[in-house]
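Quick note: the coordinates plus some simple rules give every number you see, no bench work behind them. Owing to the predicted nature of the structure, the values given are computational and were not obtained by experimental measurement. Positions of Cβ are generated from backbone atoms using ideal geometry, with glycine treated the same way; all protein chains shown enter the neighbour counts.
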Ligand code: ATP
């Protein structure tokens, strides 16, 4: 039996850090939406009780450290499944980029195994299982557009933005989310206007959305990697309206309404930055 599952990247329309918890995690409030840049996951049942991962990537391990492997393991354990699975990952999303690449692969494995093995497990239960593996996984299980709270395990759906164009620009560096969170000082956090982003989504108001987006981790990543600031400035100069770093970075995105303008900005970013993508919101 074979099942294919798309694993799309996410961007943060907002990311706020509300406080540090006793367990070492931070309480966050993040509004995320989905873009049409996706890894492709192929799942094949194998009769032996084993999980195999195959992928070609310099940056991602193909063993039990892979989040897709961990997701399959958690799924099999929780539901006492004794057959195995071969997971083939076609990696398209840049790694350690702030686009949730590993989380979306793990989420796609949970959704995919649910279908492959006809388990009929409700999405909320899959998301709760995902939360045991990583804080962006519950959102990725649902996809679309939503607010994640707690350490990421509480998901509230939000209206999807119209299919605006998105330019993604990633410098040739990877950022560890853990390193960035370790540098959070709560008294220095600049809180984004999360409610403003929510309102902009309900109003489907592009100008308002561009004005309201914000990321409390951006100054921290910029202090470690000043090129993120230079990419932001270049993208704004090129004409993008809503320009923000996604997640813990380093990918910067710019929102654009018109295709021709988006294409122009994409072209001018290409000579400036290692990896540039022109995609659409599909939230
Ligand atoms: P986030 O925005 O959720 O913080 P990210 O996009 O910054 O995530 P990832 O691409 O998920 O970061 O990679 C983070 C780390 O996870 C890397 O060190 C990578 O090797 C590891 N990893 C494990 N499994 C995967 C996977 N299937 N895809 C990508 N990275 C993976």
Original post:
What is the helix-to-structure angle for 194-203, meaning the angle in degrees between its Cα long axis and the longest Cα principal axis of the chain, kept from 0 to 90 and rounded to the nearest 10?
Top reply: 90
Original post:
What's the angle, to the nearest 10 degrees (0 to 90), between helix 227-237's Cα axis and the longest principal axis of the chain?
Top reply: 60
Original post:
Points 7 angstrom from Cα along the Cβ direction at residue 193 and residue 90: gap in nanometres?
Top reply: 4.2
Original post:
By counting other Cβ atoms within 10 Å of each Cβ, how are 50, 264 ranked from fewest to most?
Top reply: 50, 264
Original post:
What is the Å³ per residue value for the convex hull set by the Cα atoms of the range 165-280?
Top reply: 97
**OP:** Taking 7 Å along the Cα-to-C-beta vector as the label spot, tell me the residue 154-residue 23 distance in nanometres, rounded to one decimal.
**Re:** 1.4
**OP:** Give the order of 69, 25 when sorted by the count of other beta carbons within 10 angstrom, beginning with the fewest.
**Re:** 25, 69
Subject >> Overall dimensions of the chain as given by Cα atoms, namely Rg and Dmax in Å >> reply: 18.5, 56
Original post:
If you take the alpha carbon radius of gyration of the range 40-172 and divide it by 2.2 N^0.38 Å, what ratio comes out, to two decimals?
Top reply: 1.07
Subject >> Cβ crowding within 10 Å averaged over residues, with 159-166, 270-277, 228-235 ranked highest first >> reply: 228-235, 159-166, 270-277
**OP:** Provide 77, 177 in ascending order of the number of other Cβ atoms located within 10 Å of each residue's Cβ, fewest first.
**Re:** 77, 177
**OP:** Give the angle, between 0 and 90 degrees and rounded to the nearest 10, that separates the Cα long axis of helix 101-116 from the longest principal axis of the Cα atoms of the chain.
**Re:** 40
